[in-house]
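Taking it in order: structure first as structure tokens, then the write-up.
Please treat every number below as a calculation from the coordinates, not as lab data. Quick caveat: nothing in here was measured; it's all calculated off a predicted structure. Quick reminder, even Gly has a Cβ in these numbers, built from the backbone with ideal geometry, and neighbours come from all protein chains shown.
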Amino acid sequence: MNSLKGFSAPIVAGVALFGLWEGVLSVFSSDGFVLPPPSEIAGAFIDNWDAVFRGARITGFVVVSGLAAGVILGVLAALLVTRFRTANETITPLAVAVNAIPIIALAPIFNNWFGLTSPRSNQAIVVALVFFPIFINTARGLTQVDRSQIELMESYAAGRARTTREVRVPNAMPFFFTALKLATSLAVIAAIVAEYFGGRQDALGPMITQSAGLTRYDDAWAAVLAGTAIGAVLYASVAVLERWAMPWHSLIRSHREET
Amino acid sequence: MNAIHIRGATKVFNPGKSSQVEALADIDLAVEPGEFITLIGPSGCGKSTLLRLISSLALPTTGSVEVNGKPAEQARLDRDYGMAFQTSGLFDWRTVAKNIELPLELMGWSKADRRRRSSEMLELVKLGDFAKHHPSELSGGMQQRVAIARALAFSPSILLMDEPFGALDEMTREHMQDELLRIWRDTGTTLVFVTHSIPEAVYLSTRVVVMSPRPGRIAAVIDVGLGDRQASTRDDPAFFSKVTEVRAALREVEG
Ligand SMILES: Nc1ncnc2c1ncn2[C@@H]1O[C@H](COP(=O)(O)OP(=O)(O)OP(=O)(O)O)[C@@H](O)[C@H]1O
Ligand SMILES: [Mg+2]
């Protein structure tokens, strides 16, 4: 099966990496603090399962809800700027300017706005970080359309909405999914780093800072592992969604690879 | 009533800017219903632009274009046009059959009617086995045949084709020429066709319009008058003498 072939290579590479990691550390054994071998991280992961799972659920919620809101807002803004010239002239430069702000640096400020222990500020960081790649890529996909396809729709006297649905939206799909894959890892990073500064104290971010502060590096790594799992699950879901939403696209890719 | 009537049309792109291009000047052309007109001329002389004016995808800077007795814009809204472009313009996200059905969907045909028509059209362009394929799985020539099938699918009263056979091999090209002539005769469609091939222009059309560049003008209109085309037409001395006549007119404009 093609889809299995796609997933098996990273799994093999992952197993090889962990094997190498474990092997190197067993030969050149340090004190095992800063970089514990995978076996110890797995041990800490299982020992602290309750806390890690709770943290993963809290952080996972921040990631998924922020991602969803950021994606919806990004797509809506992209549709708006392709539809209305004035929207394009006002929103696009504004978005570019705002995008130049290192948003993650706003985390402590957002905490001030939303309350130190509220997850809202973390969600807001995720939304802001996800919004831009989705907005910019989707807008590009909606506008960079084959001219003859638009003219064809015009020659059939198709309305603007119909042309958007038949031509612009499908054309934007590959752009959108590329941005969405990027956004999943951005969302996990944004959530955890934002949690360093505030939000619920049993989330993954505080778990990492607190464990590292107590030099319990295996616990810190267990929390990192949980964050990695969230990112991996999201990425895989997006990849599945992409294949389902654009069956024609994997076809184009496989042809390009063959030639 | 003329099928197409162009009066004093000019087209200037980006007027007043440094990128200003005078694409067409003084175009007067009247096309009878059921005629097969071919536009031929050097690259950049405005053939595609003239097709765009006829289909009201672009407006003339001055002058007017009337189609079926009404302004071109109205004819477009009435869906009088079928178009095939220089690039196939197929939708990768639709199967071959669904590409052909697109105009039928827009015109509200029932699903069963659409299915029937798309399979008829696929037979016509000899792609019956490819209904469920996506365009990216087809060769360039096959894609162009799908685009032609799409243009013909709803039997428009006016067909505008911009070098549709450019990507085809010689055998397929001759086959498609004969098919196009058959469809044209059977449907009574008015056809405006752009090509770079002199023999193709002579073989297909009732009249060949030779255009000159910068700005694009109609340099000569040659009546072909070869009657019904047959396999033997391509070897007919009368055919060759028309080819020579068109070639001479083209030499003149290319200077
Ligand atoms: N949208 C446009 N904006 C500006 N200039 C244009 C535009 N479309 C065409 N032109 C110019 O108008 C002239 C005629 O172009 P057109 O595409 O009609 O030529 P053509 O005869 O179809 O050429 P070819 O045989 O290469 O297809 C060219 O000089 C071209 O650069
Ligand atoms: Mg052209």
Pairwise label distance in nanometres, A:ARG57 with B:MET107, each label 7 Å out on the Cα-Cβ vector
6.0 nm
At R0 = 51 Å the Cβ-Cβ FRET efficiency linking A:TRP244 and B:ASP178, nearest 0.05, sits at 0.75
If you line up the long axis of helix B:170-187 against the longest principal axis of chain B, both from Cα atoms, how many degrees apart are they, to the nearest 10?
90 degrees
Return the whole-Å distance between the Cα centroid of the range A:121-143 and the Cα centroid of the range B:111-127.
43 Å
Specify whether the C-alpha gyration tensor of the range B:88-155 places it in the rounded, prolate or oblate class, a ≥ b ≥ c being the square roots of the eigenvalues: rounded for a/c under 1.5, otherwise prolate if a/b is larger than b/c and oblate if not.
prolate
Other chains' Cβ within 10 Å of B:79-85 residues: what's the mean?
4
Could you work out Rg/(2.2 N^0.38 Å) for the protein assembly as shown, with Rg from alpha carbons only?
1.33
Relative contact order, percent, chain A [alpha-carbon distance under 8 Å, six or more residues apart]
26 percent
Run through the DSSP bridge list for the protein assembly as shown and note the antiparallel percent, rounded to the nearest 5.
55 percent
Along the positive direction of the dipole of the range A:47-258 (beta-carbon charges: Lys, Arg +1; Asp, Glu -1; about the Cα centre), which of A:ALA220, A:SER155, A:ILE134 reaches farthest?
A:SER155
Mind pulling up the Rg/Rh value for the range A:47-258? Radius of gyration and Kirkwood radius, both on Cα.
1.07
Run a plain Debye calculation on the range B:54-116 (Cα atoms as equal point scatterers, no solvent) and give log10 I(q)/I(0) at q = 0.20 Å⁻¹, rounded to two decimals, same order as the q list.
-0.90
Proximal lysine pairs in the protein assembly as shown, meaning Cα under 22 Å and 8 or more positions apart or interchain, come to 8
For the range A:40-90, the convex hull over Cα atoms projects on average to an area in nm² of 5.0 nm²
If the chain between A:LEU17 and A:LEU182 were fully stretched, how many nm would it gain, using 0.36 nm times the residue separation less the Cα-Cα distance?
57.1 nm
Please sort through the DSSP H helices of chain A and keep those with an alpha-carbon extent of at least 18 Å along the long axis and a Kyte-Doolittle average not below 0.0.
A:2-27, A:49-83, A:85-99, A:120-143, A:169-197, A:217-245
What average number of partner chain Cβ atoms lie no more than 10 Å from the Cβ of the residues making up A:143-152?
5
Exposure proxy check on A:PHE28, B:PHE165, A:PHE114, A:PHE53: fewest-to-most Cβ neighbours within 10 Å is A:PHE28, A:PHE53, A:PHE114, B:PHE165
Counting Lys and Arg as +1 and Asp and Glu as -1 over every other residue whose Cβ sits under 15 Å from the Cβ of A:VAL224, the net charge comes to -3
Given R₀ = 25 Å, FRET efficiency for A:GLU89-A:ARG165 by Cβ-Cβ distance, to 0.05?
0.55
Pop the C-beta distance of A:SER237 and A:THR117 into the FRET formula with R0 = 35 Å and round what comes out to the nearest 0.05.
0.75
Computed over the Cα atoms of chain B, the Rg and Dmax in Å are 18.2, 55
